Structure formats: structure tokens, C-alpha cells
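Following: one structure in C-alpha cells, then a few remarks.
The values are calculated or read from the model by the stated rules, or taken from the named source; none is laboratory data. In this text the structure is predicted, and so the values were computed from the model without any measurement. Please note: Cβ atoms are built from the backbone with ideal geometry, for glycine as well, and neighbour counts cover all protein chains shown.
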Amino acid sequence: MPATTYHGPINPHPGNGEASIIIFGYVPSLGLAIAGIVLWALVIAAQTWFTIVQKGYRTFHLLLLIGSLMELGGYASRAYAHFHPFLISTFISQYFLIVVAPVLFSAATYLSLTYVINAFPGSDSLLVVSRKVVLGFFVTVDVVCTVIQVLGSALIGTSESAAAQGNSSAVTPTQANDILLAGLAVQTFSFLCFLTVLSVASYRANNSKFTLTSGSLAERKRLRLFLWVIVFAADLILLRTTYRLAETAQGFFGTAATSEVLYGCLESLPIILALMTWSFLPPSKLAKPRREEKQEVQTGSTEEKKRGGRFERGESSAV
């Protein structure tokens, strides 16, 4: 990791639990923190509602809900840090929560692609690998990344806390940062692989030769929209993950880490836009479960039989 130097304010007389420097590298903006709290509260309200009423998509919305609660906690910590910028615990809490939360959003994104296959019979031909491989492989990698990032974030917190107080720790901040960097690197590579699978599926769905089992044009349009929503949300998550990767690679007091403008544009904005997208266009609006489609088909068949029966009785009466 490149060497970096702290250029921020100095705390000449650190109090209990305080550092002599601001580990953020700047005093966190109260405006950005409040905006984050308000926006994430809205997302939490939406995802709570969807988790309750959307039975077929509860796992998806529960992942988004838990991640959103973590984001809310992170921005609440940043708001508190605005008034107590030297306090070590506020940095540790917001860093851990905001860094780890998007891992849950990634898992939900992987899951959303399986909803496409379940909702649109015949769409499994769009994937270059089976849906079991998509869900199994990428979720497994996501779990591994979660463990690595949780470990790295926790070690960063403890090592930075020890360093700020002049104490030694088993792992240095640089070593802890490298652990987090490894987790972010694996997650970024995995997500790029997923986006490749997703892009191929989207390309095939737009091919004129592709048809769904039902042959419905309306269903095909819904399928394309569903895929585009996943692509849009996934690209936003990738943008944020790439920023975090660059920030971690530079080090705590590098340009990426000490610019709150970059933080707001490349961390806060992409993730909240991705979650707002899923709040306005949840999977339930983009696809129907097969069970409902079968019920519609059965209803249509029953009506046809009734009409046929009336027609036959009419013919018999006429004779």
C-alpha cells in the first residue's frame, strides 16, 4: 500500500476515546449525513413494506432491508462524528456498517436474476451457465467476501484505535487495510463476472430470434425491462465497489479517502440510487410468479370451456 500522510486537524489534548487526528481525514459533513439518514429511512420504509407483503420475494427484500439499516446506522454515526470528529468509535462504527452493507445488496442482485428465470418460462436459455451455478457460485463468493471485509473492517477499527491511543496491536493498520483490500478485490472481480453473465443475457433477450415459452410479446418486454433494471442497479453497485477498492488501495489518508466530495459522489449516491431503483421497481412489479401465470392460463381455459359449453347447448336447442 502506498505511503500516505495525514494533513488534517490535530487534537492537542485527546480526551477519553479520542485520537490526536481525525481518522476520516476531514470533519464529516452534517448535511451529507442528514441527507443519508433521510434517504435511507425512506428506503427502509419501502423495503419493510415489501418484506411484509411480497411473500415470493421476501429474501430479496430482507437482504435490502438489513443492508439499508446498516447504511442508516453508518450515516447516523457520521452525523454524530460531525460534532465529535476525533472520537474513534464513531469512525469505526460508520466505516464497518457502510463498507459491509453493499455486500448484502450484491447478494440481492444475484438473487434477482434467478427471479427472472422463475418468472419467465424459457428465459433460462439466456444464461451462459445454469441458474443454480449463478446463485450458488456468486453467493458463495459473496459470503467469503463478507467474512473477509468484516474481518478487515474490524481489524482496521481496532488497529487504528490502538495506534491513535499510542498502543500496539497484533495487526497494524496497514495489514488490516490489506485484508480489506483483498476482500474488495475479490468482490469486484466476482461482480464483473456476474455483470458479464447479465450482459450476455440482456443481449440475447434483445435478439429477434429469442422467444419465451408463452410467445407473449408483452412478457418479452417485461423481461427486457427486468434485465435492464438489474443491469442498472448492478452497475451502480460496481461503481461504488470500484471506488472503495481504489480508496483502500491508496490508503487511509490518500486522495480518495480524504475527499468527502468523492465519497458523496462515488459511495453515497450510487448505492442510494440502486436501492431507490429497487424501491420503485421491485421484482414483483417486473415479473409475475409462475403460479399466477398458470392460474391465468387455467382461468382462460375454463372460460373457453364455458363458452364452448354454452355454444353446444345452443346448437342442441336449435336442433
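Values computed for the structure shown
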quantity	calculated
Filter result (modelled with pLDDT of 90 or more, of a type in the set (Val, Ile, Thr) and assigned to a loop (DSSP other than H, G, I, E, B)) within the stretch 1-45	Val27
Residue that is farthest from Ile88 (Cα to Cα) [pool: residues in the stretch 130-159 that are small (Gly, Ala, Ser) and part of a helix (DSSP H, G or I)]	Gly136
Test: residue in the stretch 112-129 that is at pLDDT 80 or above, of a type in the set (Phe, Trp, Tyr) and in a loop (DSSP other than H, G, I, E, B)	yes
Residue among Ile98, Ile10, Ile21 that alone is of a type in the set (Val, Ile, Thr), at negative phi, crowded, with 17+ Cβ neighbours inside 10 Å and touching a strand residue (DSSP E or B) at 6+ places or on another chain (Cβ under 7 Å)	Ile21
Number of the condition not met by Arg204 [criteria: (1) at pLDDT 90 or above; (2) closer than 20 Å to Ser130 by Cα; (3) surrounded by fewer than 19 Cβ atoms within 10 Å (Cβ to Cβ)]	(1)
Test: residue in the stretch 46-69 that is of a type in the set (Ser, Thr, Tyr), in a loop (DSSP other than H, G, I, E, B) and at negative phi	no
Matching residues, the stretch 155-194, being closer than 30 Å to Asp235 by Cβ, modelled with pLDDT under 85 and of a type in the set (D, E, K, R)	none
Tabulated pairs, the stretch 56-69, first in contact (Cβ under 8 Å) with a residue 40 or more places away in the chain, second polar (S, T, N, Q) and part of a helix (DSSP H, G or I), C-beta under 8 angstrom, 6+ apart or interchain	Gly56/Ser284; Tyr57/Ser284; Phe60/Ser112; His61/Gln47; His61/Thr51; Leu64/Gln47; Ser68/Gln47
Failed condition for Val171, given (1) more than 21 Å from Leu127 (Cα to Cα); (2) in a helix (DSSP H, G or I)	(2)
